[in-house]
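Down below is the structure, laid out as structure tokens.
Every number in this text was worked out from the coordinates using simple rules, so none of it is lab data. Nothing here was measured: the structure is a model prediction, and the numbers come from that model. Here Cβ is always computed from backbone atoms with ideal geometry, including for glycine, and neighbour counts include all displayed protein chains.
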Amino acid sequence: MALNLQAASLLQSAAAMHKDVKACGSMKETSLFGAPIGGKFEPVSSLELRRRKVAVSPIRAQTAATTPAVTNSKPESKKTARKGNVIITGASSGLGLATAKALSETGEWHVIMACRNFLKAERAAKSVGMAKENYTIMHLDLASLDSVRQFVDSYKKSGRPLDVLVCNAAVYLPTAKEPTYTAEGFELSVGTNHLGHFLLARLLLDDLKESDYPSKRLIIVGSITGNTNTLAGNVPPKANLGDLRGLAGGLNGVASSPMIDGGEFDGAKAYKDSKVCNMLTMQEFHRRYHEETGVTFASLYPGCIAETGLFREHIPLFRLLFPPFQKYITKGYVSEEEAGLRLAQVVSDPSLTKSGVYWSWNKNSASFENQLSEEASDPEKARKVWEVSEKLVGLA
Ligand SMILES: NC(=O)c1ccc[n+]([C@@H]2O[C@H](COP(=O)([O-])OP(=O)(O)OC[C@H]3O[C@@H](n4cnc5c(N)ncnc54)[C@H](OP(=O)(O)O)[C@@H]3O)[C@@H](O)[C@H]2O)c1
């Protein structure tokens with residue numbers, strides 16, 4: 001009953017915000033969950049072509065607002081004959097699988113599906129018709145730092161160059177009453193979504209640096225729900241990393257709180273906090289390594305893909321109402337296929353080489369550089385998250 005109320009109140013709360021947004025004259029974006037509050041951007045033309053082939057038609061990126069300062073990577077003048085190699089974490093379902101499918105269908109990419117369940121990944125690849133020669137499945141459990149290290153070792157030993165890394169996998173535990181933990185004892189959402197990816201990305205950065213591919217990229221999937229400058233980001237509980245006291249204490253629920261800000265456990269907030277860490281990490285990578293490595297660092301909000309496995313832990317009523325609510329009320333809904341094409345663009349589109357950008361899409365499915373919330377773009381907080389995280393994963 002309490003959970004039903006929670007779902008109902010979430011939907012009500014978002015509906016109330018939808019009313020508010022109608023009064024917000026400065027918003028040109030009609031998609032409730034796709035726009036920053038007061039954000040400015042101009043619609044650009046629809047790009048139907050990319051539905052047929054990823055990266056055929058360059059997407060015109062909007063430059064209305066972006067954080068932090070960005071620089072362009074080298075233009076893609078040199079072309080290599082070989083396929084690009086892209087690692088996608090969590091490619092066994094939802095956004096990751098749709099992206100793997102979209103990229104493999106171009107014939108220009110070999111997708112390394114980095115998944116915790118090998119058989120599920122194999123079945124998933126087959127179910128969407130991916131051709132055997134276009135993908136490899138490798139075991140990776142982001143909830144274990146040992147597994148991350150083993151994955152990196154195996155990848156390096158394979159001798160395959162690495163051109164793009166997509167940190168996509170995530171868990172979302174909105175109904176959990178008690179925290180659960182990773183192998184090293186970190187609260188599961190932040191441990192998986194942020195710390196596992198943080199170690200993975202750090203250990204593979206040199207491989208990206210060494211790639212001779214025309215454009216090498218490191219992409220960390222973000223979310224609107226971590227951005228409190230949006231309507232969706234204002235649905236309680238809101239993301240807030242506070243002074244990072246819980247993170248600094250190891251998020252273990254024993255010596256420290258399982259929550260980054262040191263508060264009481266809240267599964268939905270832990271997910272949102274982890275997404276703020278993802279977006280801060282991307283920007284810190286950009287500041288520290290873009291110039292030196294030539295790697296493009298990017299994050300994105302692909303839209304509300306209301307039917308993915310991400311909501312598997314939610315109550316049945318929520319899972320029933322959420323997709324139509326997103327489709328017909330907020331209009332923030334995107335299909336898995338469309339979201340996969342969006343992420344595939346960030347992987348491969350020659351016009352999306354700008355580093356340090358958080359990409360979003362407007363109602364015409366045209367990409368633009370979106371604005372992150374104050375917290376999700378705070379360079380000081382990004383530095384601190386980076387420094388505490390590298391201690392937790394054993395890099396400092
Ligand atoms: N759905 C949305 O509306 C939405 C909106 C904005 C952003 N996103 C972001 O999109 C990304 C993908 O989410 P989704 O909606 O596609 O959810 P999903 O269908 O549940 O996919 C999540 C993937 O992560 C994998 N995963 C979970 N824990 C893992 C672990 N310990 N090690 C390795 N892989 C693990 C899952 O593997 P299994 O198949 O084995 O469970 C699954 O492949 C996430 O970063 C999410 O934050 C989603």
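Observations, loosely collected:
- In order along the stretch 225-235, phi translates into HN-Hα couplings of 5, x, 9, 7, 8, 10, 5, 4, x, 9, 6 Hz, rounded to whole numbers, per the Karplus curve 6.51 cos²θ - 1.76 cosθ + 1.60 with θ = phi - 60° and x for Gly and Pro.
- Sorted by Cβ neighbour density within 10 Å, fewest at the top, the residues Tyr172, Tyr213: Tyr213, Tyr172
- Restricting the stretch 159-243 to trypsin sites (Lys or Arg not before Pro) that sit in a DSSP loop and have at most 15 other Cβ atoms within 10 Å of their own Cβ leaves Lys177.
- The relative contact order of the stretch 84-393, computed from alpha carbon pairs under 8 Å that lie at least 6 residues apart in sequence, is 20 percent.
- Residues Arg116, Arg312, ranked from the fewest to the most other C-beta atoms within 10 Å, line up as Arg312, Arg116.
- For the stretch 144-156, putting each phi into the Karplus relation 6.51 cos²θ - 1.76 cosθ + 1.60 with θ = phi - 60° gives couplings of 9, 5, 4, 5, 4, 5, 5, 4, 4, 4, 4, 5, 4 Hz, in residue order, rounded to whole numbers and with x for Gly and Pro.
- Difference of contour (0.36 nm per residue) and Cα-Cα distance, Lys126 to Ser154: 7.7 nm
- What the phi angles of the stretch 182-196 give under the Karplus curve with 6.51, -1.76 and 1.60, with θ = phi - 60°, is a coupling list of 7, 4, 8, x, 8, 3, 4, 5, 6, x, 7, 5, 9, 5, x Hz, glycine and proline written as x.
- For Thr230, distant residues with modelled amide H under 5 Å away: Ile37
- Rounded, prolate or oblate (a/c below 1.5 giving rounded, otherwise prolate when a/b exceeds b/c) for the stretch 283-360 by Cα gyration tensor: prolate
- Euclidean distance between Cα centres, the stretch 151-215 to the stretch 96-141, Å: 17
- Close amide-amide hydrogen proximity is noted between Ile305 and Val334, each under 5 Å apart and 5 or more residues distant or on a separate chain (H modeled in the peptide plane; Pro and chain starts excluded).
- An oblate overall shape is assigned to the stretch 267-396, the ratio a/c of its alpha-carbon gyration tensor axes (a ≥ b ≥ c) being 1.5 or greater and a/b not exceeding b/c.
- Sorting Phe311, Phe297, Phe325, Phe118 by the number of Cβ atoms found within 10 Å of their own Cβ, with the fewest placed first, yields Phe118, Phe311, Phe325, Phe297.
- Computed lengthening from Glu390 to Lys209, 0.36 nm per intervening residue step minus Cα-Cα distance: 63.2 nm
- A cut-off of 5 Å between modelled amide H atoms, ignoring neighbours fewer than 5 places along the same chain, links Tyr135 with Val111.
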